[in-house]
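K.L.:
First the structure, then my questions, so here it is.
The values are calculated or read from the model by the stated rules, or taken from the named source; none is laboratory data. Since this is a predicted model, take the numbers as computed values, not measurements. Please note: Cβ atoms are built from the backbone with ideal geometry, for glycine as well, and neighbour counts cover all protein chains shown. All accessible areas refer to the heavy atoms of the entire protein, side chains included, with ligands and DNA or RNA removed. Shrake-Rupley method; radii C 1.70, N 1.55, O 1.52, S 1.80 Å.
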Amino acid sequence: QVQLVESGGDLVQPGGSLRLSCATSGIRFNTYTMAWYRQAPEKQRELVAHITNGGITNYAESAKGRFTISRDNAKNTVYLQMNSLKPEDTAAYYCNAANLRATYWGKGTQVTVSS
């Protein structure tokens, strides 16, 4: 059974930091590109960042310079370090695992940036 379980979401003040984690099981983690998406109320889900199985990263313009995606293949876990958070970063953040054969999603973790 494939599971992607996000954690680390919280209420944080503007300018603060959070580290999201996505622990996976049931997949050959090192064969998947891992990504973080987010969805704010009444908006479409959007890509935040992804990291290939070879460690190549890509970021949305809104995330560049503030967010860092990383992966630990030994722990089957992907992370998203988020710094200098803004109110517009408020959203549910979802973990995604994808390769040519399959795509999987986690259930999300809520990030709220507010004073």
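K.L.:
Please identify, among 78, 48, 12, the residue showing maximal mean-square fluctuation in a Gaussian network model of the chain using a 10 angstrom Cα cutoff.
P.N.:
12
K.L.:
With θ set to phi - 60°, apply the Karplus curve 6.51 cos²θ - 1.76 cosθ + 1.60 along the stretch 41-58 and write out the HN-Hα couplings as whole Hz, x wherever there is a Gly or Pro.
P.N.:
Coupling constants for the stretch 41-58: x, 6, 10, 6, 5, 10, 6, 9, 6, 9, 9, 6, 5, x, x, 7, 10, 8 Hz.
K.L.:
Shifting gears a bit: For residue 12, which sequence-distant residues (separation of 5 or more, or a different chain) have an amide H within less than 5 Å of its own amide H, given hydrogens modelled in the peptide plane?
P.N.:
Under 5 Å from the amide H of residue 12: 112, 113, 114.
K.L.:
In sequence order, what are the phi-derived ³J(HN,Hα) couplings for the stretch 85-97 according to the Karplus relation 6.51 cos²θ - 1.76 cosθ + 1.60 with θ = phi - 60°, rounded to whole Hz, with x for glycine and proline?
P.N.:
Per-residue couplings from phi come out as 5, 10, x, 6, 7, 4, 4, 7, 9, 10, 8, 9, 10 Hz.
K.L.:
I'd like the carbon and sulfur percentage of the solvent accessible area for the chain, probe radius 1.4 Å, heavy atoms only, ligands and nucleic acids excluded.
P.N.:
45 percent
K.L.:
Taking every pair of alpha-carbon atoms in the stretch 63-115, what share in percent sits in each 10 Å bin, from 0 to the bin with the longest distance?
P.N.:
Result, from short to long distances: 19, 47, 28, 5, 0 percent.
K.L.:
Keeping all protein chains in place, calculate the accessible area per residue for the chain (probe 1.4 angstrom), answer in Å². Walk me through the numbers before you get to the answer.
P.N.:
Numbers: 6440 Å² over 115 residues.
Per residue, the chain has 56 Å² of solvent-accessible surface.
K.L.:
At R0 = 30 Å, how high is the FRET efficiency between residue 99 and residue 40 if r is their beta carbon distance? Nearest 0.05 is fine. List each step's numbers first, then the result.
P.N.:
Working: r = 27 Å, r/R0 = 0.92.
FRET efficiency, residue 99 to residue 40: 0.65.
K.L.:
Taking the convex hull of the alpha carbon atoms in the chain, what volume per residue do you get, in Å³?
P.N.:
95 Å³
K.L.:
For residue 108, what residues show an amide H to amide H distance below 5 Å, using hydrogens built from the backbone and excluding near sequence neighbours?
P.N.:
6, 95
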